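The structure appears right after this line, and notes come after that.
Please treat every number below as a calculation from the coordinates, not as lab data. Here the structure is a predicted model, which is why all the values come from computation and not from measurement. Quick reminder, even Gly has a Cβ in these numbers, built from the backbone with ideal geometry, and neighbours come from all protein chains shown.
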Amino acid sequence: MMKFLSIGELVRRDGLRLVLVQGAPSPWGQAVKAMMEYKGLDFVCGPQIPGADNAELVAWAGVNSGPVVAWNDHRPLNRWNDILFLLERLAPHRPLLPDAPAERVEALGLAHEICGELGLGWNRRLSLFKPAMQSGQAPTPVASMSRKYGYNEADVGAAVQRQVAMLAHLDATLAAQRARGSEFLVGTRLSAVDFYWAAFCCIFATLPDAQCPMAAGTRAMFESTLEPEVKTALTPALLAHRDRIMAAHFKLPMEF
């Protein structure tokens, strides 16, 4: 079982350090953790507490969110692409980005549409916040996180359509790849995009407790906020790809 160190302990350490959201399978952090493990990198972990002020983390990294990744005395990183490029530099012998320019562009584009601002995960998060925010009685931690991530009615109104469109694109990408004889989302080998999809799929279709243990309230929030159109867009092929990548390349049960 992974041991969590305090943020103060992480700050004082050298080497590779990872801050994970504690208590929920935040896909940004779970993908990073799995990629570090795949690359054989040694690292230690500390917690980011959702809804808390996390003053030590903010003082060190300048953000109150996870993941944060730090390497020796370099500045801590929190953007998905900065973290991915660092991991590629630290373990180039197990690359997760293609060498061929066209495939690299495709991989980074898909990764952004999964991980980036207004991407798949971003829009799913808007759907998670929506019931509480529209009730007018959102708990303080939810209201705080909603403000932090730019919650607004225009993006909330478009969130379902954006999720459905991206899931359809990923499903079509998998179908085209299968027709070429590839089991992966980009090219002919495992890439960061496969890790991102596997991790992000878990906030659309939760894994059972044996693989992803979480509080009943957290699980209920994930399951009750999935709109029917989005659930329909989660095709068997998308779920099967998640399960295959999880079984082969993620440590289960998930740790957070």
Nonlocal amide H pairs with Gln48, under 5 Å, H built at 1.01 Å:
Leu20, Val21, Gln22
Starting from the exponent 0.38 and prefactor 2.2 Å, build the expected Rg for the chain from its residue count and divide its actual Cα Rg by it.
0.98
Theoretical gain in end-to-end length, Arg12 to Ala248 [0.36 nm per residue, Cα-Cα removed]
81.6 nm
Show me, for the stretch 164-171, the HN-Hα J-couplings you get by feeding each phi into the Karplus relation (A = 6.51, B = -1.76, C = 1.60, θ = phi - 60°), rounded to Hz, glycine and proline as x.
4, 5, 6, 4, 5, 5, 5, 5
Globularity ratio of the stretch 101-249, using Cα Rg and 2.2 N^0.38 Å
1.09
Are there any GluC sites (Glu not before Pro) in the stretch 61-135 that are in a DSSP loop and have at most 15 other Cβ atoms within 10 Å? List them by number.
Glu117
If amide hydrogens are placed 1.01 Å from N in the peptide plane, which non-local residues have theirs closer than 5 Å to the one on Leu77?
Val69, Ala70
Could you give me the ³J(HN,Hα) list for the stretch 214-228, computed from phi with Karplus coefficients 6.51, -1.76, 1.60 and θ = phi - 60°, whole Hz, x at Gly and Pro?
8, 4, 4, x, 5, 4, 4, 4, 4, 6, 7, 9, 8, 5, x
Can you pick out the pairs among Lys39/Lys130; Lys33/Lys231; Lys3/Lys39 whose Cα atoms lie more than 30 Å from each other?
Lys39/Lys130
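Quick one: if the Förster radius is 25 Å, what FRET efficiency do Glu103 and Tyr149 give, using the C-beta to C-beta distance and rounding to 0.05? Each step should come with its number before you reach the end.
Numbers: r = 31 Å, r/R0 = 1.23.
FRET efficiency, Glu103 to Tyr149: 0.20.
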As a percent rounded to 5, the proportion of antiparallel DSSP bridges among beta bridges in the chain is 40 percent
Most mobile of Ala132, Ala216, Ala165 in a GNM of the chain (Cα contacts under 10 Å):
Ala216
